[in-house]
1. Filter the stretch B:87-107 for residues that are assigned to a helix (DSSP H, G or I), surrounded by 19 or more Cβ atoms within 10 Å (Cβ to Cβ), more than 7 Å from chain A (Cβ to nearest Cβ) and not hydrophobic (A, V, I, L, M, F, W, C) and give the result.
2. Could you tell me whether residue A:222 is in contact (Cβ under 8 Å) with a residue 40 or more places away in the chain and in contact with a helix residue (DSSP H, G or I) (Cβ under 6 Å, 6 or more places away or on another chain)?
3. Considering B:181, B:164, which residue is within 22 Å of residue A:211 (Cβ to Cβ) and at pLDDT 95 or above?
4. Within the stretch B:61-81, restricting attention to residues that are small (Gly, Ala, Ser) and in a loop (DSSP other than H, G, I, E, B), which residue is surrounded by the fewest Cβ atoms within 10 Å (Cβ to Cβ)?
5. Criterion first (within 16 Å of ligand 1 (Cβ to nearest atom), under 24 Å from residue B:147 (Cβ atoms), part of a loop (DSSP other than H, G, I, E, B) and not assigned by TED's automatic domain parsing to the domain that holds residue B:148) does residue B:84 satisfy it?
6. Among (1) within 14 Å of ligand 1 (Cβ to nearest atom); (2) within 25 Å of residue B:191 (Cα to Cα), which single condition is residue B:18 missing?
7. Just checking, which of B:134, B:106 is at pLDDT below 95 and closer than 26 Å to residue B:64 by Cβ?
8. Considering only residues that are surrounded by fewer than 20 Cβ atoms within 10 Å (Cβ to Cβ) and assigned to a loop (DSSP other than H, G, I, E, B), which ones fall in the stretch B:184-218?
Amino acid sequence: MRIGDFHASYRHDEALFDTRAQRVWLGLLLAALAAFPFVGGSYLTYLACLLGIHLIAAAGLNVMTGYTGLISLGHAAFMGVGCYAVAVAERAGIPFFLALPLAGAASAAIGLVVGIPSLRIKGLYFAVATLAAQFVLGFVFREWESVTGGVRGANVPAASLFGFELAGDRRVYFLIAPLAVLMLLGARNLFRTRVGRAFIAIRDRDISAEVLGISLFRYKLAAFAIGSFYAGVAGGLWGYFFRVATPELFGLPLSVFYLAAIIVGGLGSILGTILGATFMTLIPEFLRALVGWAEAFGLEQAGVYLAPLRQVVFGLLIVGFLVFEPHGLAEMWRRTRRFFHLWPFRT
Amino acid sequence: MHILEAEGLTLRFGGIRALADVAVAVPKGGITAIIGPNGAGKTSLFNAISGFYRPERGTLRFDGADITRVPAHARAALGLARTFQNVSLFRGMTVLDNIKLGGHNRLRAGALGALWYLGRAAAEEARLRAEIEREVIDFLEIDHIRDLPIDALAYGLQKRVELARALAMQPKVLMLDEPVAGMNREETEDMARFILDVQEERGITVMLVEHDMGLVMDISSHVVVLNFGQVIASGTPAEVRRNPAVIAAYLGERAARRRVA
Ligand SMILES: Nc1ncnc2c1ncn2[C@@H]1O[C@H](COP(=O)(O)OP(=O)(O)OP(=O)(O)O)[C@@H](O)[C@H]1O
Ligand SMILES: [Mg+2]
């Protein structure tokens, strides 16, 4: 147990030590990230790229759902907007460092179109509106063939910088990883300012938020736009990574995947975003391995059940965490740390 | 000079008339108490003034402007701050973050500035922090709890934090709904001192709903009495105390309570 006075008088030193330790850790982490694709091999590099994309998308969803309380069932569709935007931008000869912000902006703009009518009303209505957006955008992806290539999809050229092509996982990694770090930092920064505080205030008690001068409509819209921007950038990266945009990639199952990620990780927590996205990136891999073993042991039809099995597991994870650990893996982590912090004086 | 004037305010909930043609004029720079028996409409009056109940009739003027149609958040930005009868703090946040929310309207950072943080957003956050430490936390003597979550605080301290959050808004008018309810003698005296300091040293106009008649008579300069949604008397504390209608309303309440008991 830390005692108040002790804490107060040593606060200064402790903060200094804290930040220095944190800087060292941050440096080590960045070095590890830079070395990763050279050390990790091709499969792990592939997973890391996928994780980076999931991290950005989940961070965006957590800003709107976890921190602001706006439940979105259409996050994947907004990623799709970003992915197609990058495909179109590349066709027009726009380089990736402009195409990615454009992808985010396009997605945020569509977020505003959905949000302006639906955010005036509280609660469930918004969730239903995002679900509608999910299906309407999916329809547009399929039918607007001249732009999206219809069900066959659109190819996305490799990102390139002065003729140097970022093709292959290892090179794309150096596009995805820095962006993931930057955008997670951005999400963290939000909550050091009035904007993030307003989001949390709206989630916790929207009446008193209003009395403090916070315009509910404006800030909900801002949260939705930020979340959609993150989705758009993640979608753009998805395009550069998989080099293709097809409608079924960005359907409802992917939206549910991201909801599961932030619920499992921890709503309203950056650590939760990281833990949840990591966990959820690994789950499908684990399931695939499981099915592989099953096939090896003579269950030849096991592969057929992979897709439905995945949905069932995601669903169970959502329900399980909501019931048993609503604050997610982040809370479990904090509890574990507290345990060792106090151990052996208190268990 | 009146900083706040309500006229003809009428507010109904189903069959109940919470406010019936209420007129209130709040003198600038003073402490105006709104008193009355339970259910008289005091909180409803505050809700109508701060803007999240829409009265069906009546007008509101604040600091020379008609605010009848101004939404709640914009009224706050104009300089109307309030606390709630049942404390309404953000439980997921620390005391400090709760208070910082009071400064929301004086900061400028937009979404992009906030994401980037470095530079302007960081500078204005640092300024707000310094100002809050100086003018709110020191003043209300809550330095020892600034990093605690709200749930860790005793009720009296929560009320003080809510006052802190309202003060961080640097309002022109501060509305306090039962600021000392549930407090012991000592906490009540502290709170009375804070309210007087706010009014005397910062020139903030205070409106106060309170059942503690000792406190009301001690610190207020003007008293408005509500009963069944109507203003039945107003004037100085001494005038109101002698008013037969007021005495009847309070005696009636006491008599009714005796019948129930
Ligand atoms: N949101 C609401 N819905 C329905 N009725 C309400 C609502 N708010 C207030 N009322 C009713 O309006 C009347 C006035 O209530 P109000 O809360 O303004 O009284 P009050 O003077 O603040 O009382 P107290 O001293 O008990 O706080 C009461 O009859 C109450 O039941
Ligand atoms: Mg009341």
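The values are calculated or read from the model by the stated rules, or taken from the named source; none is laboratory data. Note that this is a predicted model, so its numbers are computed, not measured. We place every Cβ from the backbone using ideal geometry, glycine too, and count neighbours over all the protein chains shown.
1. B:98
2. No: the conditions fail for residue A:222.
3. Criteria check complete, one pass: B:164.
4. Of the residues in the stretch B:61-81, the ones small (Gly, Ala, Ser) are B:64-65, B:72, B:74, B:76-77, B:79, B:81.
Filter again for in a loop (DSSP other than H, G, I, E, B), leaving B:64, B:79.
On the way: B:64: 9, B:79: 19.
Result: B:64.
5. It is true that residue B:84 is within 16 Å of ligand 1 (Cβ to nearest atom), under 24 Å from residue B:147 (Cβ atoms), part of a loop (DSSP other than H, G, I, E, B) and not assigned by TED's automatic domain parsing to the domain that holds residue B:148.
6. Here residue B:18 meets the rest and fails (2).
7. Numbers: B:134 fails: closer than 26 Å to residue B:64 by Cβ.
Just a single option satisfies the conditions, and that option is B:106.
8. Answer for the stretch B:184-218, where residues must be surrounded by fewer than 20 Cβ atoms within 10 Å (Cβ to Cβ) and assigned to a loop (DSSP other than H, G, I, E, B): B:184, B:203, B:211, B:212.
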